[in-house]
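Asks: Provided herewith is a single structure, encoded as C-alpha cells, for subsequent inquiry.
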Amino acid sequence: MQDALQTLAAPNARITDAYAVEELPGVTRDGRAVVRLVRPLEYRVGSKDSDEVVVVPVGFETDFASVPPGFRELFPQLGPWARPAILHDWLYANRGLGRYSRADADRIFREAMEVVGVPAWRRALMYWAVRVGGAGGWGRSG
C-alpha cells in the first residue's frame, strides 16, 4: 500500500468492479494497516439479479483480511479476497445490519470470494477461519 489512493479492478456484475481507499498513516489494527473507503462498495447477495444488495459506504475503515500473525504469509491483507474482506468487515462491524446473522455474514464472505475468483481451497480455509475465530469481531468496529 504505497499510494494514498488505490483502485483495484476486477469486473463482475455482482460486486463493484473497483474500490478506492485512502491510507490512514499511523493507524493500525493488531499490526495491520487500516484504510478508509473513498468509493462505496456494493454486493448483490445470491445472484447478479438479486434485489438483496449490501452497500459499504464511503468512510468505512477496514484492515482488509484480518489475519493473525503466523498466517499472514499465506493470507496477506491484500489479494483477490480484498473486496469480500471489506464486505465482511462491514457486516461484522454492524452486526449484519440487522438482516444477517454472523453465520450469514460468513456465508456471504465465502460467496463473494467465489464471485471474485478466489481458489476453492483458499475460500474454504478463509471461511472456516472466520467461522472458528471470528466471534470476537462480531459487532466490533475496530
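Just so you know, all these numbers are worked out from the coordinates, no wet-lab data involved. Since this is a predicted model, take the numbers as computed values, not measurements. Virtual Cβ from ideal backbone geometry, glycine too; neighbours counted across all protein chains shown.
Asks: Around Glu52, with a cut-off of 9 angstrom between Cβ atoms, what is the net charge of the other residues, counting Lys and Arg +1 and Asp and Glu -1? Write out the running numbers ahead of the final one.
Replies: Details: positive: Arg44, Arg99; negative: Asp51.
In short, +1.
Asks: Can you give the local net charge around Leu91? Use residues other than it whose beta-carbon is closer than 11 angstrom to its beta-carbon, Lys and Arg +1, Asp and Glu -1. Kindly include the intermediate steps, with their values, before the conclusion.
Replies: Working: positive: Arg95, Arg99, Arg102, Arg107; negative: Asp89, Asp104, Asp106.
It works out to a net charge of +1.
Asks: Let me ask something else about it. With Cβ to Cβ distances under 9 Å as the rule, what net charge do the other residues near Ala33 carry (K, R +1; D, E -1)?
Replies: 0
Asks: To continue, here is another question. Report the relative contact order of region 5-137, percent, no decimals, based on alpha-carbon pairs under 8 angstrom and at least 6 residues apart. If you can, show how the numbers build up before the last one.
Replies: Working: 202 pairs, mean separation 22.7, N = 133.
Value for region 5-137: 17 percent.
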